[in-house]
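Remarks on the structure that follows.
The values are calculated or read from the model by the stated rules, or taken from the named source; none is laboratory data. These figures come from a predicted structure and were not determined experimentally. Glycine gets a Cβ as well: all are built from the backbone with ideal geometry, and neighbour counts include every protein chain shown. Only protein heavy atoms, including side chains, enter the accessible area calculation; ligands, DNA and RNA are left aside. Shrake-Rupley method; radii C 1.70, N 1.55, O 1.52, S 1.80 Å.
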Amino acid sequence: MKKVALYIHIPFCKQKCLYCDFPSFAGKEGCMIDYASALAKEIDSIKDKKIKTIFIGGGTPTYLSLEGWEIIKKSIIKLDVCSDLEFTVEGNPGTFTREKLEFLKKMGVNRLSIGLQAWQDSLLKELGRIHTIEDFIESFEMARDIGFNNINVDLMFGLPSQTLKQYIETLKNVIDLKPEHLSCYNLIIEEGTEFYKRFEEGNLKLPDEELERTMYAKTIDVLKDNGYIQYEISNFAKGNKVCRHNLVYWEMDEYIGCGSASHSYSDGFRYRNEENIEKYIKMMNVNNNAIVEKTKNSYKDDMEEFMFMGLRKSAGISKSEFMTRFGIDMTSVYGKVIDKYTSTGFMKENRESIFLTFDGIEVSNVIMAEIIL
Ligand code: SF4
């Protein structure tokens, strides 16, 4: 039986962060129970697949009421899962209760991902986050106390008015708590967000490119000095605690998405679910599925995506894996691009693989554009 990853989307948030363009919504608490029931139906429809990882993301999954969790749990425990299942739930400080965390642990969750973003209350407020540093520390310690031994913390850099000193303080304080995994993303101003509006109006002061570059370089240095291995552009882990679920995306393996706005990649097809929560519930109740788009990836699409995603990984793209998948030598398709960027120091090539250098990551947008066939 095929082994796949499963993503489950919980679209509820207590408040919308000012930079966020994820399919998540505030003020929809009234839909939680109906949503959980619709989601349970979708999870029940998964047949003939063995689940190797589960990632419940959002939104803020820990904001879902316990009653909602009870409903989806009934479906989750019926899934056919691998014995070494990695089971992650995302959550935000201020939405954890001991009762909810203990419930998740009993359900089999063995990895938590906590959104912190920055160590300064002033910055958290400016981002529109609902929590303080104190809430974060309390949530983190509670999770440890309950027995979670695989925790990720999400951080951001390049924030409005953020200084290098503040960012280094953030890194160091988080490291002191010894999480197994860190994700460090630079802020991107996405269209449709409050930050985008302020930026367009000239009311958002962002760090310049040079400072952002320094912050990224610091991330790599400080984390390396503290025993974290960078395995992807923005992801760092201690020991073997890499996020196996995310590696499924970067390695273009199969995954199934359940819930509003979720995506699937299965048997060469890409699927997308309805994003609107009410419509999703209705579609699940009437049709027993909520797919609004289904496309067949062409041979070329697959090849490009394999390159895009693979170049995100520090280990890069395996030449033999490329050959196995596409039946053609990687250099005969991408030889020119590889030569161009290895000669300028943006890419490195060895017998087994190609990968981006630090400078290459900086210009990855340009490189990616040349990968399109
Ligand atoms: S908590 Fe996460 S998903 Fe929700 S609005 Fe903030 S960034 Fe977006």
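Table for the structure above
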| read-out | value |
| --- | --- |
| Dipole of region 2-250 [Lys/Arg +1, Asp/Glu -1 at C-beta], most positive-end residue of PRO11, ILE46, VAL153 | ILE46 |
| Cross-link partners of LYS205 among aspartates and glutamates (Cα-Cα below 14 Å; sequence separation of 8 or more within a chain) | GLU126, GLU194 |
| Histogram of C-alpha separations across region 132-173, 5 Å bin width, % | 5, 18, 23, 22, 16, 9, 5, 0 |
| GluC sites (Glu not before Pro) lying in DSSP loop within region 186-258, provided at most 13 other Cβ fall within 10 Å | GLU190, GLU191, GLU201 |
| Pairwise label distance in nanometres, ASP44 with SER314, each label 7 Å out on the Cα-Cβ vector | 4.4 |
| Unpaired by the 4.7 Å Cβ criterion, cysteines found in the chain | CYS13, CYS31, CYS82, CYS184, CYS243, CYS258 |
| Directionally averaged shadow of the chain, computed from the convex hull of its alpha-carbon atoms, nm² | 18.7 |
| Aspartates and glutamates with Cα under 14 Å of LYS165, excluding same-chain neighbours fewer than 8 positions away | GLU212 |
| Accessible carbon and sulfur surface of the chain relative to its total accessible area, %, 1.4 Å | 50 |
| Per residue solvent-accessible surface (Å²) - the chain, probe of 1.4 Å | 46 |
| Most fluctuating residue given options LYS279, LYS41, LYS14, as computed from a GNM of the chain linking Cα atoms under 10 Å | LYS279 |
| Heavy atoms of MET107: accessible area, 1.4 Å probe, square angstrom to 10 | 20 |
| Of ILE328, ILE114, ILE338, the one that fluctuates the most in a GNM where the chain has Cα springs shorter than 10 Å | ILE328 |
| Gaussian network model of the chain, Cα within-10 Å springs - most flexible of ARG244, ARG198, ARG270 | ARG198 |
| For ASP21, solvent-accessible area (1.4 Å; no DNA, RNA or ligand), Å² | 80 |
| Sequence-separation-based contact order of the chain, relative, with Cα cut under 8 Å and 6+ spacing, percent | 15 |
| Net charge dipole size for the chain [Lys, Arg +1 and Asp, Glu -1 on Cβ; Debye, nearest 20] | 960 |
| Over 25 Å (Cα to Cα) - which of LYS100/LYS313; LYS50/LYS105; LYS73/LYS313 fall in this group | LYS100/LYS313; LYS73/LYS313 |
